[in-house]
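Below is one structure, written out as structure tokens; the observations come after it.
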Amino acid sequence: MKVLVTGGAGFIGSAVVRHLVARNDDVRVLDKLTYAGGRESLRAVEHSASFHFVQADIADRAAVDFAFASFLPDAVMHLAAESHVDRSIDEPSVFIQSNIVGTFVMLEAARAYWHALPVARRDHFRFLHVSTDEVFGGLGTDGKNSEASPYDPHSPYSASKAAADHLVRAWHHTYGLPVLLTNTSNNYGPFQFPEKLIPLAILNALECKPISIYGRGDQVRDWLHAEDHVRALMLVLAQGTPGRTYNISGNSECTNLQVVHLLCDILGELRPIAGALRSYRDLVKFVADRPGHDQRYALDATRIRSELGWLPEENFEAGLRKTVCWYLENEWWWGPIREKKYAGERLGAPTT
């Protein structure tokens, strides 16, 4: 199978690429290599004969058309996106360009390519669009969002992803493009850019810097290991019904403070803290909350379980321990990021 992966040098994209190469699929990565993408995340597969890399912007129609024409994919896995809520507060225009305009360009290029395919290949072509639970907005203490829940995005990031989701569905209903959509809960695992809660807290703790917690830290998120997410995406790509959306949930709800306390305790076991501090928990610092911060996200993943037989395999505490170990053992990857790209400073701070 020949798969075109956008955003393949990012966190989940690189995990997808490593999985596809391991099963001997032919993979072409299309990635702009923004601050959050790096060829280093693809080091394990870069010398494989089935791996090909193209540095290009998904909003560049000529580059995207060339990627289709020169590679002739059987499927597209569209993961390229700006994804950090805090950065979307500071620079929303970047999110509009990448997540909305970029998705539009990908859809139009895919439609033209798919329409020109021989009938047999056209019937098997798929365009998988990967999205987020944040498009549904926040929840109270009870309930979960299903695939039929109304959209209610509250940040520039989630609004841009919601717009992209609507475009993908429109291209299916209007033009017949065989699309698949997924919405996923919060991901964690190796190679996650250290602006997100878990890797940022790990690295700040290792450097004995404050671990900032927004508000009271009582916001609830459902955590999904990257490898479980990749398994789900492979199933949706292979067996999903075109035009259908599938929620992917880790069934591991925790408050942000609980997550940070747990990883602090794991770090304390694996690398005991030195100096005057008694515990990594002593580094926790409560700061002003993010503007428009949703209280809770939760997804009902009944559909992917009942239709495709998928369930998460990784227990959150065990998966978090593995993630902490990975960051302890792979400073070669995150060290240059902390030094040259992002040192852990606050983003998306309140302006009033």
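Derivation of every value follows stated rules applied to the coordinates shown; laboratory data play no part. All values derive from a computational prediction rather than experimental measurement. So basically every Cβ, Gly included, is an ideal-geometry build from the backbone, and we count neighbours across all protein chains shown.
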**Complete:** The local net charge around Val64, scoring Lys/Arg +1 and Asp/Glu -1 for residues other than Val64 whose Cβ lies under 11 Å from its Cβ, equals -3
**Complete:** Across Met106, Met77, Met234, the residue with the highest GNM fluctuation in the chain (Cα network, 10 Å cutoff) is Met234
**Computed label-point distance, nm, for sites Asp282 and Leu347 using a 7 Å Cα→Cβ extension** = 3.1
**Request:** List Ile198, Ile96 from most exposed to least, where exposure is judged by having the fewest other Cβ atoms within 10 Å.
**Result:** Ile96, Ile198
**Request:** Note down the magnitude of the dipole of the stretch 115-236 about its Cα centre, charges +1 on Lys and Arg C-beta and -1 on Asp and Glu C-beta and zero elsewhere, to the nearest 20 debye.
**Result:** 360
**Asked** In whole Å, what is the distance between the alpha-carbon centres of the stretch 94-165 and the stretch 246-314?
**Response** 25
**Item:** When the convex hull of its Cα atoms is projected in every direction, mean area for the stretch 209-352 (nm²)
**Value:** 11.4
**Prompt:** Per residue of the chain, what 222 nm ellipticity follows from adding -39500 (n - 2.57) for every DSSP H run with n ≥ 4, rounded to the nearest 500?
**Reply:** -12500 deg cm²/dmol
**Asked** Which residues in the stretch 129-163 place their backbone N less than 13 Å from a point set 7 Å from the Cα of Ser306 along the Cα-to-Cβ direction?
**Response** 146-148
**Message:** Going through the cross-link list Lys144/Lys285; Lys144/Lys209; Lys285/Lys341; Lys32/Lys196, which pairs have a Cα-Cα distance over 32 Å in this structure?
**Reply:** Lys144/Lys209
**Paramagnetic label zone (point 7 Å from Cα along Cα-to-C-beta, Arg271; backbone N under 13 Å) in the stretch 194-221** = 199-209
**Message:** How big is the dipole moment of the stretch 58-196 about its Cα centre under a simple scheme where the beta carbon of each Lys and Arg is +1, that of each Asp and Glu is -1, and everything else is neutral? Debye, nearest 20, please.
**Reply:** 500
**Message:** Counting only other residues whose beta carbon sits under 12 Å from that of Ile273, what net charge do I get with K and R as +1, D and E as -1?
**Reply:** -1
**Asked** If you place +1 on the Cβ of every Lys and Arg, -1 on the Cβ of every Asp and Glu, and leave all else neutral, what size is the dipole of the chain about its Cα centre, to the nearest 20 Debye?
**Response** 340
**Sequence-distant aspartates and glutamates (8 or more away, or on other chains) whose Cα lies within less than 12 Å of Lys2** = Asp25, Asp26, Asp74
**15 Å beta-carbon shell around Ser146, net charge (K/R +1, D/E -1)** = -4
**Asked** For the chain, modelled as a GNM with alpha-carbon contacts under 10 angstrom, which of Ser252, Ser48, Ser212 fluctuates the most?
**Response** Ser48
**Message:** Show me the helices of the chain, taken as full DSSP H stretches, that run 18 Å or more along their long axis by Cα and average -0.5 or above in Kyte-Doolittle hydropathy.
**Reply:** 102-116, 226-239, 256-270, 316-329
**Message:** How would the stretch 54-160 be classified by its alpha-carbon gyration tensor: rounded, prolate or oblate, with rounded meaning a/c under 1.5 and the a/b versus b/c comparison settling the rest?
**Reply:** oblate
**Request:** Please work out whether the stretch 22-115 counts as rounded, prolate or oblate from its C-alpha gyration tensor, where a ≥ b ≥ c are the square roots of the eigenvalues and a/c under 1.5 means rounded, while otherwise a/b larger than b/c means prolate and anything else oblate?
**Result:** oblate
